[in-house]
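Colleague: I'd like to ask you about the structure that follows.
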2 protein chains.
Amino acid sequence: MQTVAFIGLGIMGRPMALNLIRAGHPLVAVNRSPGPLQALEAQGAKVAPTPAAAARDAQVVITMLGDTPDVEQVYFGPQGVLSATRAGMLLIDMSTVDPAIARRIAEAARDAGAGALDAPVSGGEAGARAGELSIMVGGDEAAFAQALPILEVLGKRVVRIGPSGAGQVAKACNQIIVAVTLEAVGEALTLAKRAGVDPEVVREALLGGFAQSRVLEVHGLRMLQRQFQPGFRAELHRKDLRIALAAGRSAQAPLPATALVHELLTALMARGGAGLDHSALVTVLEALSGQSDPAG
Amino acid sequence: MQTVAFIGLGIMGRPMALNLIRAGHPLVAVNRSPGPLQALEAQGAKVAPTPAAAARDAQVVITMLGDTPDVEQVYFGPQGVLSATRAGMLLIDMSTVDPAIARRIAEAARDAGAGALDAPVSGGEAGARAGELSIMVGGDEAAFAQALPILEVLGKRVVRIGPSGAGQVAKACNQIIVAVTLEAVGEALTLAKRAGVDPEVVREALLGGFAQSRVLEVHGLRMLQRQFQPGFRAELHRKDLRIALAAGRSAQAPLPATALVHELLTALMARGGAGLDHSALVTVLEALSGQSDPAG
């Protein structure tokens, strides 16, 4: 079994690393805060002080970090992964970041004779625990083939989308569609409620037609039942839309509805909802319509 | 079998009227242009010169008209339905109009001792031909029970949403969700294409997760295959969003994404796409990103 350096033991990274240990992979872990490291050490992982130190002991490096600057630091920083990358190694960044970063990492890896993949995920903490994430992969076919046995430990649907950066582009597309559909459902249910019509009956009736979506099913129900504990935190979705908008700027693809929902998520955060599930977007529409209780 | 006055033989009204004749209902038809009247006469319908004349011969009046002013004229005009409405009659408006109109018709019907329902549909021309429309009904339970045998000739899913106007509110909610989801899918597929990633692979990958919707399935495919013959015409969807925005104004429910998509449908019409399927909304995003060929 290949030794895996796993960097970033957040809500997603912890169960993913654990699944790799359970599948028999020797694992070297790196994390900013010590708590999750100790927990993983108790499961048999080694601990390394820096990304470079972990990379020196491993054939495969997986990163699962919060945002673009973290990924830049962990790869390109002074004790970064790339300073210890050797020929034949494989670097897999599973964070959600700008596609341009994915291309820069892939280029630097190529210069060192190593492979690199961008492999962002969807499916949330539950998917990470169950090893049932959807994984959208960008990178060349050889690196994808090399990574597949490891990615299949972590995910149920592992799809190569295209060359380096394509995984991040697909993830951005996913986050655009989910966010804008949340807004669509939020506007419809708010209109129904304000117009004196039972939004539960409307949701039920609409699920049978062209308005059907997973968001109407799952998040529409959350909106009706005021189930706003995450789930997926609003602040993370706003971060992902920021990435999507940056990708749109580089690609010269204006994204007007994405930009609008980005601003409405900013309003949700301004109103104290940063840590709520993204379906709490509906409370911003309710506030706009004069109903100001986010829990009500 | 109750005699039905059927007013409005457009693309939707024609097959609906025909299904009622086939189900054995004596039918009196009214239409602005004579062509569809002659065709229906050949199938056994009688023809009346005005809505009032048709209503005089019928127990049930069904209207299927293009827009709010047509409905106002047909009901409240000098030779209108209401001038000939008697106690025990049932008025069913299946047009998509402002919920406020539905409430006005219901009130006037009540004054005459008659019942009234707003019963807008979704499912398009194909659904109308097959008698498989989804019908969203507003009005009291007694009128709904009286109408059900007739509505079940026309539709497969017939749901009472609530009191008068509730059918129109549900239809507005449906059109909001479909329009804004079209925009979501359009932005995602345009970003993918502009970023050099195969939008077909992205669509396929996203259908398995939270981005799944009927719009991504059906209209996403139309966008990729450039299948922009209607389907549902962009100009009609813009009209429906105008109604939704008016309903939002009366209910004090601001609908920011709906307003945005209304403007983008206006752009589609300005670019010559009024008669294209609403999925051609994606061509506006392509134009914004510098690709200007609507057919390309």
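The values are calculated or read from the model by the stated rules, or taken from the named source; none is laboratory data. Computed from a prediction, not measured in an experiment: that's the story for all the values here. Here the Cβ positions follow ideal geometry from the backbone for every residue, glycine too, while neighbour counts run over all protein chains shown. Each accessible area value is taken on the protein alone, full model and side chains, heavy atoms only, with ligands, DNA and RNA left out. Shrake-Rupley method; radii C 1.70, N 1.55, O 1.52, S 1.80 Å.
Colleague: Do any residues of segment A:160-174 lose at least 50 Å² of accessible area when the full set of protein chains is present rather than just their chain alone, and if so which, with a 1.4 Å probe?
Modeller: Those residues are A:ILE161, A:VAL169, A:CYS173.
Colleague: Next question, about the same structure. So, R0 is 25 Å and r is the distance between the beta-carbons of B:ALA100 and A:GLU204; what FRET efficiency does that work out to, to 0.05? Write down the numbers at each step before the final one.
Modeller: Values: r = 24 Å, r/R0 = 0.97.
According to the calculation, E is roughly 0.55.
Colleague: Related question: Long-range amide H contacts for A:ALA29: which residues qualify at under 5 Å (H placed 1.01 Å from N, peptide plane, sequence gap of 5 or more or a different chain)?
Modeller: Residues meeting the amide H criterion: A:PHE6, A:LYS46, A:VAL47, A:ALA48.
Colleague: Compute log10 of I(q)/I(0) for segment B:73-227 with the Debye formula, placing one identical point scatterer on every Cα and leaving out solvent, at q = 0.11, 0.15, 0.16 Å⁻¹, to two decimals.
Modeller: -0.56, -0.81, -0.87
Colleague: Can you give the accessible area buried between chains B and A, summed over both chains, with a 1.4 Å probe, in Å² to the nearest 100? Don't jump to the answer; show the numbers that get you there.
Modeller: Working: alone 13340 and 13330 Å², together 21820 Å².
In total, chains B and A hide about 4800 Å² from solvent.
Colleague: So what's the Cα pair-distance distribution over the protein assembly as shown, bin width 10 Å, in %?
Modeller: With 10 Å bins starting at 0, P(r) equals 4, 17, 24, 20, 15, 10, 6, 4, 1, 0.
Colleague: Any idea what diffusion coefficient segment B:46-122 gets from Stokes-Einstein, in µm²/s, Kirkwood Rh on alpha carbon pairs, 25 °C, 0.890 mPa s? Could the numbers behind the result be given before it?
Modeller: Details: Rh = 12.1 Å.
Rounded to a whole number, D works out at 203 µm²/s.
Colleague: Out of A:ALA253, A:ALA188, A:ALA234, any idea which swings most in a Gaussian network model of chain A, alpha carbons joined below 10 Å?
Modeller: Looking only at A:ALA253, A:ALA188, A:ALA234, the biggest GNM fluctuation is shown by A:ALA253.
Colleague: Pairs of Cα atoms under 8 Å, at least six residues apart: use those to get the relative contact order of chain A, whole percent. Please report the intermediate quantities before stating the final value.
Modeller: Details: 547 pairs, mean separation 38.2, N = 296.
Once normalised by length, the contact order is 13 percent.
Colleague: What's the FRET efficiency of B:LYS46 with B:GLU107 using the Cβ-Cβ distance as r and R₀ = 30 Å, to the nearest 0.05?
Modeller: Working: r = 30 Å, r/R0 = 0.99.
Given R0 = 30 Å and the Cβ-Cβ separation, E is 0.50.
Colleague: Now for a different question. Over the Cα atoms of segment B:4-163, how large are the radius of gyration and the largest Cα-Cα distance (Dmax), in Å?
Modeller: 13.9, 38
Colleague: For A:GLN252 and A:ALA270, calculate 0.36 nm times their separation in residues minus their Cα-Cα distance, and state this gained length in nm to one decimal.
Modeller: Value of the extension gain: 3.5 nm.
Colleague: Could you do me a favour and compute the accessible area per residue for segment A:169-288, 1.4 Å probe, result in Å²?
Modeller: Details: 3780 Å² over 120 residues.
Solvent-accessible surface per residue comes out at 32 Å².
Colleague: Now for a separate question. B:GLN79 to B:ALA126: FRET efficiency via 1/(1 + (r/R0)^6), r the Cβ-Cβ distance, R0 30 Å, to the nearest 0.05? Spell out each step's value before the answer.
Modeller: Working: r = 33 Å, r/R0 = 1.11.
The pair B:GLN79/B:ALA126 has a calculated efficiency of 0.35.
Colleague: Additional query: Of B:LYS156/B:LYS239; A:LYS156/A:LYS239; A:LYS193/A:LYS239; A:LYS156/B:LYS193; A:LYS239/B:LYS193; A:LYS239/B:LYS171, which pairs sit farther than 28 Å apart, going by alpha carbon to alpha carbon?
Modeller: Working: B:LYS156/B:LYS239 25 Å; A:LYS156/A:LYS239 25 Å; A:LYS193/A:LYS239 30 Å; A:LYS156/B:LYS193 26 Å; A:LYS239/B:LYS193 22 Å; A:LYS239/B:LYS171 33 Å.
Distance filter (> 28 Å) returns A:LYS193/A:LYS239; A:LYS239/B:LYS171.
Colleague: Moving to a separate point now. What would the Debye formula give as log10 I(q)/I(0) at q = 0.12, 0.16 Å⁻¹ for the alpha-carbon point model of segment B:155-296, no solvent?
Modeller: -0.51, -0.86
Colleague: I want the antiparallel fraction of DSSP beta bridges within the protein assembly as shown, as a percent rounded to 5. Walk me through the intermediate numbers first.
Modeller: Numbers: 9 of 57 bridges.
Antiparallel bridges make up about 15 percent of those DSSP assigns within the protein assembly as shown.
Colleague: Along the principal axes of its C-alpha atoms, what lengths does chain B span, in descending order and rounded to whole Å?
Modeller: 65, 44, 34
Colleague: Something else now. For segment B:185-228, what percent of Cα pairs sit more than 17 Å apart?
Modeller: Considering segment B:185-228, 21 percent of its Cα-Cα pairs are separated by more than 17 Å.
Colleague: Still on this structure, I have one more. Taking amide H atoms as placed 1.01 Å from N in the peptide plane, list the residues 5 or more away in sequence, or in a different chain, whose amide H sits under 5 Å from that of A:LEU9.
Modeller: So A:LEU9 has HN proximity to A:ARG32.
Colleague: Moving on to the next point. What does the helix-only formula give at 222 nm for chain A: each DSSP H stretch with n ≥ 4 adding -39500 (n - 2.57), the total divided by the residues, and the result rounded to the nearest 500 deg cm²/dmol?
Modeller: Values: 13 runs with 157 residues, N = 296.
Mean residue ellipticity, 222 nm, calculated: -16500 deg cm²/dmol.
Colleague: Counting only protein heavy atoms, what percent of the accessible surface of chain B is carbon or sulfur at a 1.4 Å probe? All intermediate terms of the calculation are to be shown ahead of the outcome.
Modeller: Values: 5670 of 10920 Å².
Summing carbon and sulfur atoms, their accessible area is 52 percent of the total for chain B.
Colleague: Which value, in debye to the nearest 20, gives the size of the charge dipole of segment B:169-288 about its Cα centre, when Lys and Arg are +1 and Asp and Glu are -1 at the Cβ? All intermediate terms of the calculation are to be shown ahead of the outcome.
Modeller: Details: 13 positive and 11 negative charges, 73 e Å.
In debye, rounded to 20, segment B:169-288 gives about 340.
Colleague: Using a label point 7 Å beyond Cα on the Cα-Cβ vector, give me the inter-copy distances for A:GLU107 in nanometres, one decimal, shortest first.
Modeller: Between copies, matching label points for A:GLU107 lie 6.8 nm apart.
Colleague: A further question on this structure: Once phi is turned into ³J(HN,Hα) by the Karplus curve 6.51 cos²θ - 1.76 cosθ + 1.60 with θ = phi - 60°, what whole-Hz value does each residue of segment B:186-201 show in order, with x for glycine and proline?
Modeller: x, 5, 5, 5, 5, 4, 4, 4, 5, 8, x, 10, 5, x, 5, 5
Colleague: Tell me the relative contact order for segment B:4-163 as a rounded percent, counting alpha carbon contacts under 8 Å between residues six or more apart. Before the final figure, lay out each step's value.
Modeller: Details: 329 pairs, mean separation 31.1, N = 160.
Contact order relative to length: 19 percent.
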